[in-house]
Amino acid sequence: MRRTLVLVAVAVAALALAAVVHATVTKDLTFKSTGTATQPGAVAGVGAAGTYEDIPFTIGAGDADGTVSVTLSWTNQLDDWDLYVYRKDSSGSLVPVGSSAGGPPSTSENAVIQAQDGPVPPGNYVIRAQNYAATSSAFTGSVKFTAYVPPNQPPTPHSRIRATPTTMGDTAKGRSTTA
């Protein structure tokens, strides 16, 4: 009976692992500005209308992403853009999940969302390109997804395989296996 329970537990764990391994990874995407973030937030106030542009994306319910890497790029190294990534909660509020806010000289910001206790949660996300002190409202960006890989789990007392004469074969019975 005990052996059957162990075999059932191993089978269930294998199926769960297979479901994660064969799950879909969210498709990579690219984006570019529409030119609406024309006012520097350093002057008008960070988060004020006209100082940022939001780009939505969705991680599907069947997706199993291990990392979400967001990059925001522009051409003038003296411009200053900040990058924020939010997840929309059930009430529609934006919950911060990643950010990058360096200063010049630079031509990009990068934020990475890393899986914690399972794949990155599915749902609606928003990339916010915040014009902090840029003279041009032009930018481009990308979102790249990698597959979730479950971490190694330490063995449990019930998962250990015990060596017995029946599992070790003829060598455990003192018989040679060589000719």
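Read-outs throughout are calculated quantities, based only on the coordinates presented, and are distinct from any laboratory measurement. This structure is a prediction, so every number in the text was calculated from the model and none was measured. With ideal geometry, Cβ positions are generated from the backbone for all residues, glycine too; neighbour counts draw on all protein chains shown.
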1/(1 + (r/R0)^6) with r = Cβ-Cβ of residue 30 and residue 135, R0 = 30 Å, i.e. FRET efficiency to nearest 0.05, evaluates to 0.80
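At a 10 Å Cβ-Cβ cut-off, how would you order 57, 145, fewest neighbours first?
Numbers: 57 17, 145 22.
Fewest to most other Cβ atoms nearby, the residues stand as 57, 145.
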Assertion target for 25, 95, 143, ordered by fewest C-beta neighbours within 10 angstrom first, is 95, 25, 143
Rounded to the nearest Å, the spacing of the alpha-carbon centers of segment 31-54 and segment 104-143 is 14
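What does the charge count around residue 146 come to, taking other residues whose C-beta lies under 13 Å from its C-beta (Lys +1, Arg +1, Asp -1, Glu -1)?
Details: positive: 27, 144; negative: 28, 63, 65.
Computed value for this residue: -1.
Quickly rank 42-53, 73-84 as a protection proxy: mean count of other C-beta atoms within 10 Å, highest first. Intermediate results must be reported in sequence, preceding the final value.
Values: 42-53: 14.5, 73-84: 18.8.
The densest-packed peptide leads the list: 73-84, 42-53.
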Filtered hits (aspartates and glutamates, Cα-Cα < 12 Å from residue 144, offset >= 8 within chain) -> 28, 65
